[in-house]
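Below is one structure, written out as structure tokens; the observations come after it.
The values are calculated or read from the model by the stated rules, or taken from the named source; none is laboratory data. Treat the numbers as computed from the prediction; the structure is a model and nothing was measured. Here the Cβ positions follow ideal geometry from the backbone for every residue, glycine too, while neighbour counts run over all protein chains shown.
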Amino acid sequence: MRNQLQHLLDLAQRPNITIQVLPEDEFHVGMTGNFTVFAFDDAEPDVVALPARDELRLIEEKTSADAYTSDFLVLEEQAHPPLDTLDIIRTRIKEIG
């Protein structure tokens, strides 16, 4: 686990990667299942990927995809800010030893 957390810290140094963690003790929409939002330029609508046991379901219908994009933005607001997240990860590494 320590190596994985260190890897996250290393990745966070890249300009195109932002890492944020959600508070452990609060309910959030991400607890209902994971999803991936593929956001393209303004000319293309977002596409959402929902993993299932043996397949990946893609949602391309704009209204449905927009709902997941909205959920993502809410999660982003609920999460700890990026710099605080890195401090949380560093603290966890120290706890692990």
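Scanning segment 39-97 for residues that are among the acidic types (D, E) and in contact with a Ser or Thr (Cβ under 7 Å, 6 or more places away or on another chain) returns a single hit, D46. When the test is whether a residue is surrounded by 14 or more Cβ atoms within 10 Å (Cβ to Cβ) and within 16 Å of the chain's Cα centre (by Cα), I19 passes it.
Quick check on segment 17-45: of everything there that is aliphatic (A, V, I, L, M) and in a loop (DSSP other than H, G, I, E, B), which residue is farthest from Q78 (Cα to Cα)? Only one residue fits best here, namely A43. What do you reckon, is D66 assigned to a loop (DSSP other than H, G, I, E, B) and not assigned by TED's automatic domain parsing to the domain that holds Q4? No.
Of the candidates T85, T36, the single residue that is assigned by TED's automatic domain parsing to the domain that holds Q13 and either surrounded by 14 or more Cβ atoms within 10 Å (Cβ to Cβ) or under 20 Å from L8 (Cα atoms) (or both) is T85.
Scanning segment 67-77 for residues that are closer than 30 Å to G97 by Cα, in contact (Cβ under 8 Å) with a residue 12 or more places away in the chain and out of contact with any helix residue (DSSP H, G or I) (no Cβ under 9 Å at 6 or more places or on another chain) turns up at least one hit.
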